[in-house]
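Engineer: Just dropping this structure here.
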Amino acid sequence: MTTLALGMPTVRRSPAEAPPTDGRPDVPGLIDRFGRVAHDLRISITSACSLRCTYCMPAEGLPVIPRDELLSATEIARLVGIAVHDLGVREVRFTGGEPLTRGDLVDIIALSAAAAPGTPLSMTTNGIGLDRSAQALKDAGLARVNVSLDTLDREHFTRLTRRDRLPRVLDGIAAAHRAGLGPLKINAVAMRETLHDAPALLAWAIDHGCRLRFIEQMPLDADETWKRDNMVAAEELLEVLRTRFTLEAAGRDDPSAPAEEWLVDGGPATGGIIASGTRSFCSACDRTRLTAEGTVRSCLFGDDETDLRGMLRAGASDAELADRGRAAMWGKQAGHGIDAADFVRPARSMGGIGG
Ligand code: SAM
Ligand code: SF4
């Protein structure tokens, strides 16, 4: 097996160096050596956060990224324009850290919407502060939000996120509904501590017009406590959900959708499970990522990053930036490699990459 198949970073090189492109056909899109094409761009805009979820952040938070090392709203929008017009990106999702902690978020959305008119812009958020900004974000061009909510039990929420802020998340979800930021999806990481809260969360999501997707925990927590043996696998979660609902497999919304859907009590309501660990969908992955500091990271698990910020600030043309983006994608690894005996966790945790 090659190191590539094991999901290890391909080549250790400086992010400022152009990645090798030997064998890459001269096509405009974001293709990789395994024939995958990226259409979905995730952009992290900060590593700061208002929560400290144990599966993501350390208790003290991640180190603050100095302001001049973050991409500015104008720089983000320029890269969004290049991604859509030159590289075939069809959907852009803002994430972090917590995007709502960024004071210029409305500008980021408005400038990105202007740079790529008609492209769906969405955001993954913990919902804290959304009650105040949902309408402004909608007016700026945000189409919809995914809100992360793991449990409705306030004590469990407080323990998991290290902050007593469940009511604020629920206020944020209500505001997103009012502003029309839908269809609203809820992301819930399946954790052992909250496993038995899962049926109530699913019932609540259905009652509140949200599409719930449970996510298997990935080894991307800053505290490095993830253990394969302790992870709640999709099968175990399904067993717990079936104590309250009948569930019928309904497949994926599209072949590259990470969530497998289940019809709840005969439908039409559904619940989704993103089984990144036990039913890996790496072979159908259509994502690429940009970190808050402006490096392309084509895989969550690949430490091999390619800097665009330096080029951008040195006056690179759109064509040069697009070429660097294509080269970065060509080097994408085959998969996360979690199951390999010699799996090595990525250096960055989820909050530093952008989930
Ligand atoms: N702060 C925002 C939020 O929580 O939605 C956006 C950033 S967060 C890193 C993006 C998504 O990653 C969230 O839905 C979160 O639950 C998920 N996530 C974080 N750490 C994870 C892990 N170790 N495994 C699986 N999902 C994780
Ligand atoms: Fe913050 Fe989101 Fe990570 Fe939770 S999952 S600590 S809300 S970035």
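The values are calculated or read from the model by the stated rules, or taken from the named source; none is laboratory data. Quick caveat, the model's predicted, so the values are computed rather than measured. Here the Cβ is made from the backbone with ideal geometry for all residues, glycine too, and neighbour counts use every protein chain on show. For accessibility, only protein heavy atoms count, side chains too; no ligands or nucleic acids. Shrake-Rupley method; radii C 1.70, N 1.55, O 1.52, S 1.80 Å.
Engineer: Kindly state, as a whole number, the per residue volume in cubic angstrom of the convex hull around the alpha carbon atoms of segment 274-349.
Structural biologist: Taking the convex hull of the Cα positions in segment 274-349, it is 103 Å³ per residue.
Engineer: What per residue convex hull volume, in Å³, comes out for segment 89-233 when only alpha-carbon positions are used?
Structural biologist: Cα-based convex hull of segment 89-233, divided per residue, equals 121 Å³.
Engineer: Can you give the % of DSSP beta bridges in segment 32-353 that are antiparallel, to the nearest 5? Intermediate results must be reported in sequence, preceding the final value.
Structural biologist: Working: 12 of 41 bridges.
Roughly 30 percent of the DSSP beta bridges within segment 32-353 come out antiparallel.
Engineer: Kindly provide log₁₀ I(q)/I(0) values, in the same order as q = 0.18, 0.21, 0.22, 0.27 Å⁻¹, from the Debye equation applied to equal alpha-carbon scatterers of segment 93-172.
Structural biologist: Here log10 of I(q) over I(0) equals -0.72, -0.90, -0.97, -1.31.
Engineer: Now for a different question. Please compute the contact order of the chain in relative form: average sequence separation of alpha-carbon pairs under 8 Å and at least six residues apart, divided by the residue count, as a percent.
Structural biologist: This gives 26 percent for the chain.
Engineer: Using +1 at the Cβ of each Lys and Arg and -1 at the Cβ of each Asp and Glu in the chain, identify which of SER276, TRP204, GLY182 lies farthest towards the dipole's positive end.
Structural biologist: After comparing all options, I get GLY182.
Engineer: Which of the helices in the chain, when you take each full DSSP H run, stretch at least 30 Å along the axis at their Cα atoms and have an average Kyte-Doolittle score of 1.6 or higher? Could the numbers behind the result be given before it?
Structural biologist: On the way: long enough: none.
TM-like helix candidates: nothing returned.
Engineer: If I model a spin label as a point 7 Å beyond the Cα along the Cα-Cβ vector, how far apart are those points for ASP253 and ARG228 in nm?
Structural biologist: Between ASP253 and ARG228, the label points sit 3.1 nm apart.
Engineer: Rounded if a/c is under 1.5, else prolate if a/b is larger than b/c, else oblate: which is segment 9-144, with a ≥ b ≥ c the root eigenvalues of its Cα gyration tensor?
Structural biologist: oblate
Engineer: Short version: what are the Cα gyration tensor semi-axes of the chain, square root of 5 times each eigenvalue, largest first, in whole Å?
Structural biologist: 31, 24, 19
Engineer: Quick check: with the 1.4 Å probe, what order do ARG348, ARG42 take by accessible area, largest first?
Structural biologist: Final ranking, largest accessible area leading: ARG348, ARG42.
Engineer: Using amide H atoms built in the peptide plane, which far-off residues or other-chain residues are under 5 Å from THR270 H to H?
Structural biologist: Those lying under 5 Å, H to H, from THR270 are VAL264.
Engineer: Right, here's the next one. Would you mind working out the magnitude of the charge dipole of segment 32-353 relative to its Cα centre, with +1 at each Lys and Arg C-beta and -1 at each Asp and Glu C-beta, to the nearest 20 Debye?
Structural biologist: With only Lys, Arg, Asp and Glu charged at Cβ, the dipole is about 420 debye.
Engineer: Per residue of the chain, what 222 nm ellipticity follows from adding -39500 (n - 2.57) for every DSSP H run with n ≥ 4, rounded to the nearest 500?
Structural biologist: Computed ellipticity for the chain at 222 nm equals -8000 deg cm²/dmol.
Engineer: Work out the charge dipole of the chain with +1 on the Cβ of Lys and Arg and -1 on the Cβ of Asp and Glu about the Cα centre, then indicate which of THR46, THR288, LEU105 is farthest towards its positive end.
Structural biologist: LEU105
Engineer: Expressed as a whole number of Å, what is the distance separating the alpha-carbon centroids of segment 233-296 and segment 40-71?
Structural biologist: 25
Engineer: Give me the orientation-averaged projected area of the Cα convex hull of segment 303-346, in nm², one decimal.
Structural biologist: Over every viewing direction, the Cα hull of segment 303-346 projects on average to 3.6 nm².
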